[in-house]
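What follows is a single structure, written as structure tokens, with notes after it.
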Amino acid sequence: MPSTGSPGTRRPPLPLDGRWPPARVATPIIDPAGRGRCGGEFASCATRTTGVQLTELGTHLAFVGTQQWGPGVDRLRVGVVGVGVQGQLHARALRDVRQAELVAVADVSPRNREWAETHLGVRAVPDVGDLLDQVDAVSVCTPDHLHEDATLAALAAGKRVLLEKPMALSRASCDRIIAGRPDPDALMIGHVLRFDPRVRRLREVVRSGELGDIWHVKVWRCTSQAVGEGIWDRTSVAWFLGIHDADLLRFVTGREVEVTGAVGRKVLSPSHDVVHATVRFDDGAIGTMENNWTLPHSRPSRADAGLRIVGEHGILEMNLSHNDLLYAHRGGAASFMDTYFWPSRDGGGAYNLRSELEAFVDAALTGGPTPVSGEEGRAAVTVVEDIEAALAGDPPPGN
């Protein structure tokens, strides 16, 4: 296996001249800063995941393994730390990543460990330290407030780390994690929206300048009360939903974001269940962020999300809700099914989490740059921390 302290030392890096044989490779693994692994801007490098192109996801890794390293290419041994809802999604998705091998999980809950052993057939241990000698990399999916300790332990052991968002619950915690990296590429933050083909296409148009000056932006992400009920005792709607949008605004526009105010209302839980925040971009554009977990569980689509950008030359609107596949039961309820984010039942389709994990594995195996840096994760945390401060009537914590 490759040395995790110096990933990829046993294998050459991917070529950077963009000369992949087009008949063999239709889609490069992506770097969410906007570059394909072939070194070009995403849009000019290759088309990716819309329509029939979905079936071609992953051919890049298959080609690299066969063409450069031979049929016996090693796989990255990965452990998942925390196998609650998100960790189970990561574990399932890792089984669909050709160059990854899920070898162990760590979780303090005996019930979660039993689930992993039964459904995944892997070793399950109570502490992250118990699996570090078995893996090359870890995916940290613990509750948010436990991110720092698990991540620092893995980084200190020389492992590559994929850390779920939010990176942490404060700038200070982010800074400690960043300080613990042996090198900047050892850490990736799991901002999954950066791997959504809809987001990437909208970003391409915005970054091209076609829209001209951006005047104002609206982003919203809302979910059902049933989702909030399971987690609002340990997080807030701003951290759970707003962290996506804080990163989305920066990623799409390429601009820094300052929180100028926020209002919220507590209607279901001890925390704010509805939050509306106002922001200003560093070029003068203004924006609003709306997050809530107050939608009735009976609503067919339990995710209501989108982005609207109004500029000098027009408007861009993106629907990120689950509303493109309706499943109506005879004599029962109707629901919209997720077709983008989480693992599909047969594992053969393309979904954003697998794209994220493929990018992480690719970077680890080749010693490539991290797809989403710790600094990017910290910037999103800064926005949400400032929203929480505004809700509490406190001054922002400062940069």
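All other residues whose Cβ lies under 11 angstrom from that of S271 are scored, Lys and Arg at +1 and Asp and Glu at -1, for a net of 0. Start at zero, step by 5 Å, and the Cα-Cα distances of region 283-329 spread as 5, 14, 21, 20, 15, 11, 8, 4, 1, 1 percent across the bins. Charges on Cβ only, +1 for Lys and Arg, -1 for Asp and Glu, centred on the Cα centroid of region 194-316; of G314, A285, V227, which one is farthest towards the dipole's positive end? Farthest along the dipole direction, towards plus: V227. Charging the Cβ of each Asp and Glu at -1 and of each Lys and Arg at +1, and nothing else, the dipole of region 293-399 about its Cα centre rounds to 620 debye. The Stokes-Einstein estimate for region 169-233, based on a Kirkwood radius over Cα pairs and taken at 20 °C with 1.002 mPa s viscosity, is a diffusion coefficient of 133 µm²/s.
Kirkwood Rh, region 134-204, all Cα pairs: how many Å?
12.8 Å
Rg of the Cα atoms in region 189-289, relative to 2.2 N^0.38 Å, amounts to 1.17. Normalised by 2.2 N^0.38 Å, with N the number of residues, the alpha-carbon radius of gyration of region 75-160 equals 0.95.
Here the accessible area is traced with a 1.4 Å probe on the protein chains. For region 225-282, carbon and sulfur cover 47 percent of it. When all protein chains stay in place and ligands, DNA and RNA are ignored, the 1.4 Å accessible-area order of E376, E210, E358, largest first, is E210, E376, E358.
Multiplying each eigenvalue of the alpha-carbon gyration tensor of region 82-126 by 5 and taking the square root yields semi-axes of 17, 10, 8 Å, largest first, rounded to whole angstroms. Sorted largest first, the spans of the alpha carbon positions of region 300-375 along the three principal axes are 54, 44, 19 Å. Distances between every pair of Cα atoms in region 108-266, grouped in 10 Å steps from 0 to the bin holding the largest one, split as 8, 30, 33, 22, 6, 1 percent.
Taken over region 215-374, the percentage of Cα pairs per 10 Å bin, counting from 0 up to the bin with the maximum distance, is 9, 30, 34, 22, 4, 0.
The values are calculated or read from the model by the stated rules, or taken from the named source; none is laboratory data. Just so it is clear, the model here is predicted, and its values are computed rather than measured. Glycine also receives a Cβ, built like all others from the backbone with ideal geometry; neighbour counts cover every protein chain displayed. In case anyone asks, the SASA skips ligands and DNA or RNA and just uses the protein heavy atoms, side chains included. Shrake-Rupley method; radii C 1.70, N 1.55, O 1.52, S 1.80 Å.
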